[in-house]
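The values are calculated or read from the model by the stated rules, or taken from the named source; none is laboratory data. All figures in this text were calculated on a predicted structure; none of them were measured in a lab. In this analysis, Cβ positions are derived from the backbone assuming ideal geometry, glycine residues included, and neighbour counts consider all displayed protein chains.
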Amino acid sequence: MVRRARLADQPDLVDILVRDGRFARIGASSGRGTPATVARVIDADGRLVVPPFVDAHMHLDSALTLDPADPNRSGTLREGIAVWARSKTRLTGRQIYGNAREVLRWMVAAGTLHVRCHVDVSPGAPDALSALIDLREEARSVCDVQLVAFPQDGLLREPGQREALRAAMSKGCDVVGGIPHYERTPRDAERHVKELFDVAQEFDADMDPHCDESDDPGSRLAEVVARETLARGWQGRVALGHCTAMAAYDPGTLAAATGLLARAGIAVVANPMVNAVLQGRGDAPPVRRGMAPVAQLLEAGVTVAFGQDSVLDAWLPLGTGDMLAVAQLGALFGHLTGHTRLAGVLDLVTVSGARVLRLGERYGIAEGRPADFVLLDASDPVQALRLLPARLHVVRHGREVARTVSPRGELMGDFAPGTVDLGRHG
């Protein structure tokens, strides 16, 4: 049982009873004695309990492959792809498994228990898919990993890409990925979109392609995907990663695009850390921010979630897999800092991510659902974003799977000596 917990959507403290791995009862905190059948009591003392974090866009196959001897000197998407192409020739499936496993451990420790992972399935790549299928199975008791078949090198640029995509879906990928903006011509890009839908329908799978990952205001493939979604009846089953070109759209174009995405039931996953690094590289000052326009998408009724995307690879030389850190940067980078909007940013790495992954009733703090939650050393969502606090208890199906402690600092010298609790100040 968790006593005196704070839930983001309730004004009063609650007691949370867990039985047989599920939320058995959630109600106003009574302060009365503990039921005899309760084996353990956690006193939250007014701290915030949230559902597990969701990373809606991650590349575990490239994690920890950053090579100082072969850097992405321009910091661009295309050079990152070229660097990764060289890295792939040096990597083994065993190395990919080890790197991905280590980063997934970091993520679970930080409270992320649901991950959508894009896997490079292009011909000539190391067998990352087998490695990540093995990892998905090993981690199943603590973390759900969805695998997206991602043709990193496009479908039409090189021979064998279509066959590789279908083979990956047959082998065990959950979602169809793509990268239409990487094709050589607009016509090929639109053909790429149609072929992704063909594969999605063949395997009755959701779709989650990278889309419009550029600074070009003429890149409007999200609208192509939306129209095809409506034509194929795939509403609610499509997410688009990045959509950074939307940051360059004029207001009329943006309004039309966001309205069409909402009508098609398409979600957008922004990746604040990677978008901050890759976009605007070709701009003379003023340099655009380059992240998808989250506020305008939300206002149009589009589901928006955040992803970590990369950790120490050719596209991002930083990252820890902590979705609270991603949310904090996304709030700042996306001007989501008005009080009402800021309080809702936590949703972009929890409930909105769950909608993207279509977790349904397998997710959320509600009676009868799996008892998955994180107790944060914070009292409300805004404080959680500000402090990036300790994850005091990370619980999966009623069983604690991770925890961290609040960091402390020690001041010495003439100015206010003593201990500072860095997790709870302010």
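Structure above, values below:
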read-out: Verdict on G368 being out of contact with any strand residue (DSSP E or B) (no Cβ under 7 Å at 6 or more places or on another chain) and over 15 Å from T112 (Cβ atoms); value: no
read-out: Subset tally (residues that are more than 21 Å from S214 (Cβ to Cβ) and either hydroxyl-bearing (S, T, Y) or in contact with a Lys or Arg (Cβ under 9 Å, 6 or more places away or on another chain) (or both)) for the range 233-246; value: 3
read-out: Conditions (1) buried (at least 20 other Cβ atoms within 10 Å of the Cβ); (2) assigned to a strand (DSSP E or B); number of the one not met by G409; value: (1)
read-out: Residue count for the range 378-406, restricted to those that are crowded, with 20+ Cβ neighbours inside 10 Å and among the acidic types (D, E); value: 0
read-out: Hits in the range 72-91 - residues which are in a loop (DSSP other than H, G, I, E, B) and over 27 Å from D283 (Cα atoms); value: L91
read-out: The lone exception for R73 - which of (1) buried (at least 21 other Cβ atoms within 10 Å of the Cβ); (2) modelled with pLDDT of 95 or more it fails; value: (1)
read-out: Failed item in (1) within 13 Å of R3 (Cα to Cα); (2) touching a strand residue (DSSP E or B) at 6+ places or on another chain (Cβ under 7 Å); (3) surrounded by fewer than 22 Cβ atoms within 10 Å (Cβ to Cβ), with R22 passing the rest; value: (1)
read-out: The range 23-73 - residue that is among the hydrophobic types (A, V, I, L, M, F, W, C) and without any contact (Cβ under 8 Å) to a residue 24 or more places away in the chain and, of those, farthest from R355 (Cα to Cα); value: A69
read-out: Residue that is farthest from the chain's Cα centre (by Cα), among those in the range 340-383 that are over 26 Å from R3 (Cβ atoms) and of a type in the set (D, E, K, R); value: R341
read-out: Hits in the range 285-311 - residues which are in a loop (DSSP other than H, G, I, E, B) and closer than 21 Å to M107 by Cβ; value: G307, Q308, S310, V311
read-out: Pairs, first farther than 16 Å from A239 by Cβ and in the same structural domain as L260 (by TED's automatic domain parsing) in the range 287-303, second basic (K, R) and outside any loop (DSSP other than H, G, I, E, B), C-beta under 8 Å, six or more apart; value: A295/R341
read-out: Failed item, numbered, when A331 is tested on (1) more than 22 Å from L60 (Cβ to Cβ); (2) surrounded by fewer than 23 Cβ atoms within 10 Å (Cβ to Cβ); value: (2)
read-out: Set L129, L155: member being in a loop (DSSP other than H, G, I, E, B), at pLDDT 95 or above and under 25 Å from E183 (Cβ atoms); value: L155
read-out: Sole residue being over 23 Å from D153 (Cβ atoms), touching a helix residue (DSSP H, G or I) at 6+ places or on another chain (Cβ under 9 Å), acidic (D, E) and surrounded by 16 or more Cβ atoms within 10 Å (Cβ to Cβ), chosen from D120, D55, D61; value: D55
read-out: Residue satisfying condition, being over 16 Å from D55 (Cα atoms), in the same structural domain as L13 (by TED's automatic domain parsing) and in contact with a His (Cβ under 9 Å, 6 or more places away or on another chain), within set P389, P370, P381; value: P370
read-out: Matching residues, the range 123-153, being closer than 25 Å to L375 by Cβ, crowded, with 19+ Cβ neighbours inside 10 Å and β-branched (V, I, T); value: V145
read-out: Test: residue in the range 115-126 that is farther than 24 Å from R358 by Cβ and either of a type outside the set (G, A, S) or in a helix (DSSP H, G or I) (or both); value: yes
read-out: Any hit, the range 66-74, residues being outside the structural domain of G398 (by TED's automatic domain parsing) and within 30 Å of T303 (Cβ to Cβ); value: no
read-out: Some residue of the range 82-92 being within 20 Å of P52 (Cβ to Cβ) and buried (at least 19 other Cβ atoms within 10 Å of the Cβ); value: no
